[in-house]
Amino acid sequence: MDNKYTHLLNFKGYNFDSSLVDADFIENLDDFEIRDDDVFIITYPKSGTIWTQQILSLIYFEGHRNRTEDLATLDRVPFFEYKIRKTDFLNRPSPRLFCSHLPYYLVPKGLKSKKAKIIYVYRNPKDVMTSFFHFSYMMAGRETGNNMEHFMKRFLDGNVVGSRWFDHVRGWYEHRHDFSILFMMYEEMKKDLRSSVLKISRFLEKELSEEDVEAIVKQSTFQNMKSDPKANYDGILKFNDWKRPAEGHFLRKGTVGDWKHHLTVEQNERFDKIFQRNMKDLPLKFIWDLNEE
Ligand code: A3P
């Protein structure tokens with residue numbers, strides 16, 4: 001039973017996807033040179049990373065807004081710790097945009113100068129778990145058994161890429177004063193995408209014209225991203241035979257409250273108890289269903 005989750009690589013208590021990282025790079029993360037104008041999106045997996053990548057790349061790249069630029073979103077805002085890199089992205093001209101799933105204690109220490117900026121996106125963990133469950137099932141070799149009970153145990157115990165959701169969110173929140181960081185909530189983005197785009201651009205001190213804002217909002221909606229091959233990540237699923245044939249997409253549903261269709265009453269109550277135990281003293285707000293607002 002010991003070696004059950006062979007795709008996980010544990011480093012200092014945090015689970016990476018062993019097929020995506022390179023041990024040398026991970027061991028030297030601390031000293032990676034940060035530039036003052038670097039921008040990082042940091043998330044726990046399945047919390048809105050690709051969505052925020054799209055928004056960030058649209059804020060920064062005029063060509064992307066005009067649809068004149070050929071690069072996929074993943075290449076404009078590459079994963080910092082993953083070895084899937086099209087070009088030598090670490091040495092790109094500034095401003096460099098990155099995304100990452102790293103916990104607060106593994107990021108380069110240069111981020112503590114507070115000059116480079118971090119956008120931390122979080123999502124209610126029942127929807128994170130639901131999204132993660134479908135994602136894991138879609139990816140070959142992720143041993144979900146297509147069984148939510150089995151996956152829920154793994155998720156709550158942190159036997160997944162990203163380790164325990166509770167630790168990731170709590171860690172970043174409790175250490176927020178060490179960084180220049182903006183917390184964004186997936187559900188708020190869903191409720192009011194325009195205000196979210198403005199909030200992000202203000203944080204980045206990027207002036208946008210009314211036309212720009214409109215283009216960014218339009219191109220960041222779920223439907224638009226899903227039908228845009230540069231934004232929907234479907235291309236990446238062709239790597240390494242990752243995907244089970246004909247099963248699923250990165251952009252699956254993009255809604256708030258889908259967990260209601262996947263958790264039993266008993267599972268939901270059990271989840272609530274564990275959530276309370278782990279998070280009750282944290283002042284972060286969560287939205288579990290948009291209709292109940
Ligand atoms: P679902 O599986 O619930 O649909 P990540 O990028 O961190 O892996 O997160 C993926 C989740 O974000 C998926 O959730 C995906 O559909 C959702 N998502 C991506 N783009 C979105 C958008 N424009 N609007 C709403 N949700 C989006």
Checklist entry - For the range 73-84, does any single residue satisfy the condition of being in contact (Cβ under 8 Å) with a residue 40 or more places away in the chain, more than 13 Å from the chain's Cα centre (by Cα), farther than 25 Å from Ser163 by Cβ and within 16 Å of the ligand (Cβ to nearest atom)? => result yes
Checklist entry - Does Ser131 satisfy the criteria of being among the small types (Gly, Ala, Ser) and either open to solvent by 10 Å² or more (accessible area, probe 1.4 Å) or under 16 Å from Phe286 (Cβ atoms) (or both)? => result yes
Checklist entry - How about the range 1-117: which strands (runs of 3 or more DSSP E) wholly inside it have at least 2 residues that are touching a Ser or Thr at 6+ places or on another chain (Cβ under 6 Å) and closer than 28 Å to Trp259 by Cα? => result 14-17, 39-43
Checklist entry - Picking from Lys280, Lys243, which residue would you name as being at pLDDT below 95, away from the ligand (no atom under 11 Å from the Cβ) and more than 27 Å from Phe135 (Cα to Cα)? => result Lys280
Checklist entry - Would you say Ser201 is open to solvent by 10 Å² or more (accessible area, probe 1.4 Å), among the small types (Gly, Ala, Ser), closer than 30 Å to Lys112 by Cβ and not in a loop (DSSP other than H, G, I, E, B)? => result no
Item to check | Subset tally (residues that are among the small types (Gly, Ala, Ser), under 23 Å from Glu207 (Cβ atoms) and touching a helix residue (DSSP H, G or I) at 6+ places or on another chain (Cβ under 7 Å)) for the range 70-96 | outcome: 0
Next on the checklist: Given the criterion of a type in the set (Val, Ile, Thr), modelled with pLDDT of 90 or more, open to solvent by less than 50 Å² (accessible area, probe 1.4 Å) and within 22 Å of the chain's Cα centre (by Cα), identify the matching residue among Val217, Val213.
Outcome noted: Val217
Checklist entry - Which one of the conditions (1) of a type outside the set (Asp, Glu); (2) more than 11 Å from the ligand (Cβ to nearest atom); (3) open to solvent by 10 Å² or more (accessible area, probe 1.4 Å) does Pro108 fail to meet, given that it meets all the rest? => result (3)
Checklist entry - Within the range 33-69, can you find the residues that are touching a helix residue (DSSP H, G or I) at 6+ places or on another chain (Cβ under 7 Å) and away from the ligand (no atom under 16 Å from the Cβ)? => result Glu33, Ile34, Val39, Phe61, Glu69
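Quick grid of which residues meet (1) over 15 Å from the mean Cα position of the chain (by Cα); (2) open to solvent by 30 Å² or more (accessible area, probe 1.4 Å):
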site: Val160; (1), (2): no, no
site: Ser163; (1), (2): no, no
site: Trp172; (1), (2): no, no
site: Arg176; (1), (2): yes, yes
site: Phe179; (1), (2): yes, no
site: Met184; (1), (2): no, no
site: Glu187; (1), (2): no, no
site: Asp192; (1), (2): yes, yes
site: Val197; (1), (2): yes, no
Next on the checklist: Only one of Asp88, Asp127 is within 28 Å of Lys190 (Cβ to Cβ) and of a type in the set (Asp, Glu). Can you tell me which?
Outcome noted: Asp127
Checklist entry - Of all residues in the range 192-222, how many are in contact with an Asp or Glu (Cβ under 9 Å, 6 or more places away or on another chain) and within 11 Å of the ligand (Cβ to nearest atom)? => result 2
Item to check | the range 61-92, residues that are of a type outside the set (Asp, Glu) and farther than 23 Å from Asp212 by Cα | outcome: Phe79, Phe80, Tyr82, Lys83, Ile84, Arg85, Lys86, Thr87, Phe89, Leu90, Asn91, Arg92
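The values are calculated or read from the model by the stated rules, or taken from the named source; none is laboratory data. This one's a predicted model, so the numbers in the text were calculated from it and none came from an experiment. FYI the Cβ positions are ideal-geometry reconstructions off the backbone, even for glycines, and counts take in every protein chain you see. When the accessible area is computed, the model is the full protein with side chains, heavy atoms only, and any ligands, DNA or RNA have been set aside. Shrake-Rupley method; radii C 1.70, N 1.55, O 1.52, S 1.80 Å.
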